[in-house]
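Peer 1: To start, I am sharing the structure in question, which I have written as structure tokens.
The values are calculated or read from the model by the stated rules, or taken from the named source; none is laboratory data. From a predicted model like this one, the values you see are computed outputs, not experimental measurements. As a convention, Cβ positions derive from the backbone with ideal geometry for all residues, glycine included, and neighbour counts pool all protein chains shown.
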């Protein structure tokens, strides 16, 4: 299962995917493998690439480079590029339902040869899907993005050592049906202006520009609006989170820190969920006191969704990919044709050359 001289493509379509795959890139380079990046679409910005990270600008360049494996923190990847396709997920299962009324986290789109799952919560359902479909494998590895979460930063840009107030991190998803941002705006405005707590605000990159501008206007001595491709320093800097149904709240919980949610789609004992916006401040006060029953529920849930707290999930993902490369795909069924999806992908990427099917 050697990594040396093998080629690994990081295939991304969102800015937050950089932080998901960079811990994996670090391990690959340490083991003398090669890494390239391919950026799909208009929602990912090449300005976030580091100076020493190499981008392949076209599908022709990808095909010429001939990757051995392709890592994807998203839902789809084109079939017309080489390499085994490894799904590493763009977040945890937060219970979001798609247009068909199914949990989007477990939607099988016929693109991947392997899914690297994060913990028992997702492994068991994916193993059942593996039996059902037969054209992919499943390996529980933990999530690469979390490796840095378990290692404190020497200098965190969001920590002010001279400010001893509790820090509240507000995050929100972009979906109009799920986002708490417009509903809680007046409460956030009032609480932030009081100066009782220090506020950090970060939204999903697809959040409505109008809502983003509203919150940017609140910036001052007590509130900072953050736009970043790496949320981990934010998670480490805060004492409590205010959120909705965004999957980022699960990453926050893994630090054994409490989360207050507003109209969460799947409220459970590890969350303090509300449907009355006038109770948000009181709930944050209680959460900051870390009540025993809440913290016990958080610990149990953390063991369920991501038991790996050793910072070595990237090594496990890479080992699983190398094993698949070594074994090949001969034992797997042929993927479904998915002609409509393939056509859409070719149209999106402007690639019409005949090739892999």
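Peer 1: Suppose the filter is outside any strand (DSSP E or B), closer than 24 Å to residue 146 by Cβ and without any contact (Cβ under 8 Å) to a residue 40 or more places away in the chain; does residue 61 pass it?
Peer 2: no
Peer 1: Give the residue, chosen from 320, 283, that is in a helix (DSSP H, G or I), surrounded by 11 or more Cβ atoms within 10 Å (Cβ to Cβ) and either within 25 Å of the chain's Cα centre (by Cα) or not assigned by TED's automatic domain parsing to the domain that holds residue 188 (or both).
Peer 2: 320
Peer 1: Tell me yes or no: at least one residue of region 15-28 is under 30 Å from residue 233 (Cβ atoms), assigned to a loop (DSSP other than H, G, I, E, B) and at pLDDT below 95.
Peer 2: Yes, some residue in region 15-28 is under 30 Å from residue 233 (Cβ atoms), assigned to a loop (DSSP other than H, G, I, E, B) and at pLDDT below 95.
Residue-wise test of (1) at pLDDT 95 or above; (2) surrounded by fewer than 21 Cβ atoms within 10 Å (Cβ to Cβ); (3) in contact with a strand residue (DSSP E or B) (Cβ under 7 Å, 6 or more places away or on another chain).
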{"residue": "88", "(1), (2), (3)": "yes, no, yes"}
{"residue": "98", "(1), (2), (3)": "no, yes, no"}
{"residue": "103", "(1), (2), (3)": "no, yes, yes"}
{"residue": "108", "(1), (2), (3)": "no, yes, no"}
{"residue": "117", "(1), (2), (3)": "yes, no, yes"}
{"residue": "127", "(1), (2), (3)": "yes, yes, yes"}
{"residue": "135", "(1), (2), (3)": "no, yes, no"}
{"residue": "156", "(1), (2), (3)": "no, yes, no"}
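Peer 1: Has region 186-202 got any residue that is farther than 19 Å from residue 246 by Cβ, surrounded by 14 or more Cβ atoms within 10 Å (Cβ to Cβ) and touching a residue at least 60 places away in the same chain (Cβ under 8 Å)?
Peer 2: Yes, region 186-202 contains a residue that is farther than 19 Å from residue 246 by Cβ, surrounded by 14 or more Cβ atoms within 10 Å (Cβ to Cβ) and touching a residue at least 60 places away in the same chain (Cβ under 8 Å).
Peer 1: Across region 208-217, what is the number of residues that are crowded, with 16+ Cβ neighbours inside 10 Å and out of contact with any helix residue (DSSP H, G or I) (no Cβ under 9 Å at 6 or more places or on another chain)?
Peer 2: Number of matching residues: 1.
Peer 1: Return yes or no: is residue 327 within 25 Å of residue 120 (Cβ to Cβ) and more than 26 Å from the chain's Cα centre (by Cα)?
Peer 2: yes
Peer 1: Take the residues in region 167-184 that are more than 20 Å from the chain's Cα centre (by Cα) and within 14 Å of residue 224 (Cα to Cα), then tell me which one is surrounded by the most Cβ atoms within 10 Å (Cβ to Cβ).
Peer 2: Ranking the qualifying residues of region 167-184, first place goes to 168.
Peer 1: Does any residue of region 37-56 turn out to be in contact (Cβ under 8 Å) with a residue 12 or more places away in the chain, in contact with a helix residue (DSSP H, G or I) (Cβ under 7 Å, 6 or more places away or on another chain), in the same structural domain as residue 328 (by TED's automatic domain parsing) and within 23 Å of residue 319 (Cα to Cα)?
Peer 2: yes
Peer 1: So which of 337, 345 is within 16 Å of residue 111 (Cα to Cα) and not in a helix (DSSP H, G or I)?
Peer 2: 337
Peer 1: Looking only at region 220-256, filter to residues that are in a helix (DSSP H, G or I) and over 15 Å from residue 172 (Cβ atoms); which one of those is modelled with the lowest pLDDT?
Peer 2: 232
Peer 1: What residue, among those in region 29-46 that are part of a helix (DSSP H, G or I) and touching a strand residue (DSSP E or B) at 6+ places or on another chain (Cβ under 9 Å), is farthest from residue 235 (Cα to Cα)?
Peer 2: 29
Peer 1: Test residue 262 against the stated conditions and say whether it is touching a residue at least 24 places away in the same chain (Cβ under 8 Å), in contact with a helix residue (DSSP H, G or I) (Cβ under 6 Å, 6 or more places away or on another chain) and buried (at least 17 other Cβ atoms within 10 Å of the Cβ).
Peer 2: No, not satisfied.
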